[in-house]
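Quick note: the coordinates plus some simple rules give every number you see, no bench work behind them. Computed from a predicted structure; not experimentally measured. So basically every Cβ, Gly included, is an ideal-geometry build from the backbone, and we count neighbours across all protein chains shown.
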Amino acid sequence: MAQVSSVAEGKTSKSITLRIARFNPEHDHEKKFMEFNLQYERWTTVLEAILDVKKHFDHSVAVRYSCRQATCGSCGMIINGKPRLACFTKISELDSDVVTVEPMNNFPIIRDLAVRFERLFDTHHKVKPYLIRDDSEITSNEKEFLQSPEELENYIQFANCIKCGLCNSACPTMATDSSFIGPQALAQAYRYVADSRDKGKDSRLKIIDDSHGIWRCHFAGSCSQVCPKGVDPAMGIQFLRGYLLGFRS
Amino acid sequence: MVNKMRESIIMKIHYGTALAAVALVAVHILMRLTQGFAESLEYANVIANYQFLPYAGMLEIILILLSIHGFNGLRVILLELKQGRAYEKAVSYGCVAAMIGLIAYGSRTIFMVNMGMV
Amino acid sequence: MEPRDENKEGIGGMVNPRRYGVERVAYLLMRLSGLGLLAYFIGHIYETSSILKGEVGWAEFLELTQTNEGHAVLAIVIGMCVFHTVNGIRVMLGHGGVGVGKPARPDYPYIPASQNSRHKMGIYSAIVLAAIAMLYGLAVMYGE
């Protein structure tokens with residue numbers, strides 16, 4: 001077990017054991033865990049701890065990250081059993097002496113903590129995540145498509161999605177169904193369907209009304225519980241289903 | 001046919017059969033309780049129930065509703081467990097076949113007892 | 001791509017009720033009760049067909065059900081039936097967008113509006129009603 005105290009030094013620091021899952025699909029058959037003893041402060045995030053391990057012990061630990069402020073959606077991983085953003089999770093709030101980090105479930109592993117996002121981006125594109133209309137703001141006589149503040153409130157919550165994939169990792173259907181479109185894409189379908197400027201509702205509803213579409217959501221709500229941006233995909237999905245059931249028009 | 005039907009239609013049927021079955025199964029259970037549970041299960045009483053046409057009709061409707069709801073629920077669970085064109089087709093047609101088989105088997109009991117063939 | 005490469009959580013992850021609150025418990029119970037009720041329904045159709053064998057055949061079937069094991073199975077079926085019905089109505093309302101909150105700009109700590117107390121109460125009510133119905137069923141079965 002390796003030790004480092006460079007995350008934070010001083011009297012207020014405490015120590016934890018950081019367990020990092022190591023896996024290379026090219027030659028490993030199962031995940032192995034490497035353990036490191038680290039000092040941390042109240043404000044130290046899991047991502048900072050992982051980067052400290054890279055800096056001092058093992059630079060080969062594969063992790064994807066960028067903004068360090070829960071905006072880019074790159075550092076999603078399983079932290080102590082639940083999908084979370086490493087940059088948005090303070091070690092102190094985990095209330096545990098051992099922090100275990102693993103790659104997100106339901107995403108193919110590239111190596112260690114880094115996973116492939118192709119499928120998430122494919123399903124995201126599938127629901128046409130853009131305004132669909134015959135005219136455009138460039139060619140229209142009006143300068144821009146008008147929208148009231150009330151109309152904006154109908155979808156702005158769902159526009160906060162950063163495509164981190166935590167919702168897809170927590171979803172019980174995604175755990176077994178490789179063809180399920182997933183909570184991320186469904187929430188984004190609702191984001192555009194609820195947008196008063198959009199005219200593509202029918203084509204989107206047709207795409208998600210499939211044997212592995214919206215009906216495979218059973219309102220377990222795990223997606224909403226792990227969303228780091230408060231998007232609440234479960235709410236959007238139920239509203240979207242309301243259109244197909246005839247409760248909304 | 002089941003493969004071509006839109007999923008929203010199938011799920012509307014799923015919800016509709018559930019709601020209708022709740023109401024009719026409640027009547028079915030209340031019939032046991034109002035007659036006295038043990039008494040209602042006596043041979044003569046059960047035969048009388050089956051031979052009372054509205055009740056026999058209700059049993060037939062419950063049989064159809066629950067078979068549709070139950071086997072569609074099973075289809076949903078199985079579709080989520082494993083994917084693949086052949087597997088999904090087998091699940092869909094298998095569930096429809098099981099549904100028809102169960103309805104046929106249950107209807108046979110209802111019709112034969114109702115028509116006094118026991 | 002081989003299924004193993006997808007790193008799916010699998011059935012173990014799907015049925016694990018410990019990580020995401022009572023909603024995930026309800027999801028699991030809904031599945032289990034649905035499968036249990038379908039199995040009972042098939043058995044019920046089969047066992048009631050024994051009436052075609054006449055009074056003797058019916059009496060033999062009744063003997064089977066009027067044991068402690070038979071009563072226990074029926075009590076569990078009653079519990080599954082009540083839970084599946086009450087929770088099913090809750091889920092159906094949710095599926096129509098009823099009681100799942102209203103879209104609003106999220107504020108930290110981002111407590112999801114769809115996972116609200118109304119739905120939690122619905123789940124707890126389904127569990128409590130199922131327990132009461134089981135006790136009532138046992139009282140009826142053993143009371144007579």
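Structural remarks
- Solution diffusion estimate, µm²/s, Stokes-Einstein, segment A:128-249, Kirkwood Rh from C-alpha pairs, 4 °C, viscosity 1.567 mPa s: 86
- Restraint check, B:12/C:8; A:82/A:128; A:55/B:82; A:201/A:229; A:163/A:206; A:199/B:4, Cα-Cα greater than 32 Å: A:55/B:82
- Listed by chain and number, the aspartates and glutamates whose alpha-carbon sits under 18 Å from that of residue C:102, ignoring those within fewer than 8 places in the same chain, are A:150, A:151, A:153, A:195, A:232.
- Extension gain from residue A:118 to residue A:13, taking 0.36 nm per residue of separation minus the Cα-Cα distance: 33.8 nm
- If only the Cβ of Lys and Arg carry +1 and only the Cβ of Asp and Glu carry -1, the dipole of chain B around its Cα centre is close to 540 debye.
- The residues packed around residue B:49, meaning those with a beta-carbon under 14 Å from its beta-carbon, carry a net charge of -2 if Lys and Arg are +1 and Asp and Glu are -1.
- Against the rule of thumb 2.2 N^0.38 Å, how large the Cα Rg of segment C:46-125 comes out: 1.89
- Amide H to amide H distances under 5 Å link residue A:115 with A:110, where only residues 5 or more positions off or on other chains count and H is placed in the peptide plane.
- Net charge over other residues, Cβ less than 13 angstrom from the Cβ of residue A:53 (K, R count +1; D, E count -1): -1
- Across segment B:7-114, the relative contact order, built from alpha-carbon pairs under 8 Å that are at least six residues apart, equals 35 percent.
- Tail fraction, Cα-Cα pairs, chain A, threshold 28 Å, whole percent: 41
- Rg followed by Dmax, in Å, when segment A:2-115 is reduced to its Cα trace: 13.3, 44
- Debye intensity ratio in log₁₀ form over the Cα atoms of segment C:1-136, taken at each q of 0.10, 0.14 Å⁻¹: -0.52, -0.83
- When the trypsin sites (Lys or Arg not before Pro) in segment B:52-118 are filtered for DSSP coil states and for at most 14 other beta-carbon atoms within 10 Å of their beta-carbon, the remaining sites are B:82.
- Cysteines having no other Cys beta carbon under 4.7 Å from their own, within chain A: A:75, A:87, A:161, A:164, A:171, A:217, A:227
- Count Lys and Arg as plus one, Asp and Glu as minus one, and take only other residues whose Cβ is under 10 Å from that of residue C:59; the net charge is then -3.
- Length-normalised contact order for segment C:1-115 - Cα pairs under 8 Å, 6+ apart - percent: 24
- In segment A:34-106, the chymotrypsin sites (Phe, Trp or Tyr not before Pro) that fall in loop regions by DSSP, at most 13 other Cβ within 10 Å: A:43
- Cβ-Cβ FRET estimate between residue A:146 and residue B:12, R0 fixed at 30 Å, reported to 0.05: 0.25
- Each listed q (0.10 Å⁻¹) maps to a log10 I(q)/I(0) for segment B:7-114 from the Debye sum over equal C-alpha point scatterers, namely -0.37.
- Surface/4 of the Cα convex hull for the protein assembly as shown, nm²: 30.1
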